[in-house]
Amino acid sequence: MATAPPPTTLEKTSERTVLGNHHDGSVAALARSSFESLVDLLSAQIKMAKVEMARDARLVLRRALTVSVCLPLIFAGCLALSAAVVALLMRVMPAAAALAVVGGLEVLLGVFGTLVMITRMRRTEALDRTKGEVNRSVEEVGSALSPGSPQKTLRKDS
């Protein structure tokens, strides 16, 4: 008859395999288990940040490609409308003045549009979900480790 293996357990974490008996309740085992959980948490948050960065980059690229496809159409339309407006204005003013008025209005509209887009780009948050998760995790770990606070258990998502 075969004998049972020693009480050493094999625990599989998200990325690595750890040998050890974490069920004996000793302070060292609890500290090691807590440290390994913290490492796992940070590792998972780094992976989440990478995935979110890739998703955000794909989204920005898709939007940029959409704009680049539409730009030639917009440019051709603007040229046609500008020529029509210049032709109308040439009835009441010299050609040079009509071209200056239409060109000046287009420059003003272009500057305004560019400023609006720059403002929107600055407001775009990258890694917004990851920042929130990391901040929440740091607060939970900090409150669990702070002296004088009642023992709190960290939330475990599975």
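The values are calculated or read from the model by the stated rules, or taken from the named source; none is laboratory data. Predicted model only: the values in this text are computed from it and were never measured. Note that each Cβ is placed from the backbone with ideal geometry, even for glycine, and that neighbours are counted across all protein chains shown.
Only one residue in S68, S33 is exposed (fewer than 10 other Cβ atoms within 10 Å of the Cβ) and assigned to a helix (DSSP H, G or I). Which one?
Exactly one residue qualifies, and that residue is S68.
Out of segment 108-135, which residues are surrounded by 12 or more Cβ atoms within 10 Å (Cβ to Cβ) and either touching a residue at least 40 places away in the same chain (Cβ under 8 Å) or part of a loop (DSSP other than H, G, I, E, B) (or both)?
Of everything in segment 108-135, those that are surrounded by 12 or more Cβ atoms within 10 Å (Cβ to Cβ) and either touching a residue at least 40 places away in the same chain (Cβ under 8 Å) or part of a loop (DSSP other than H, G, I, E, B) (or both) turn out to be A126, L127, R129, T130, E133, V134.
Looking only at segment 79-110, which residues are touching a helix residue (DSSP H, G or I) at 6+ places or on another chain (Cβ under 7 Å) and of a type outside the set (A, V, I, L, M)?
Matches in segment 79-110: S82, E106.
If you scan segment 136-158, which residues turn out to be surrounded by 10 or more Cβ atoms within 10 Å (Cβ to Cβ), modelled with pLDDT under 60 and over 14 Å from L42 (Cβ atoms)?
Of everything in segment 136-158, those that are surrounded by 10 or more Cβ atoms within 10 Å (Cβ to Cβ), modelled with pLDDT under 60 and over 14 Å from L42 (Cβ atoms) turn out to be S149, K152.
If you go through segment 82-107, how many residues are surrounded by 14 or more Cβ atoms within 10 Å (Cβ to Cβ) and not in a helix (DSSP H, G or I)?
Qualifying residue count, segment 82-107: 1.
Got a number for residues in segment 82-111 being under 27 Å from M121 (Cβ atoms) and hydrophobic (A, V, I, L, M, F, W, C)?
Result for segment 82-111: 5.
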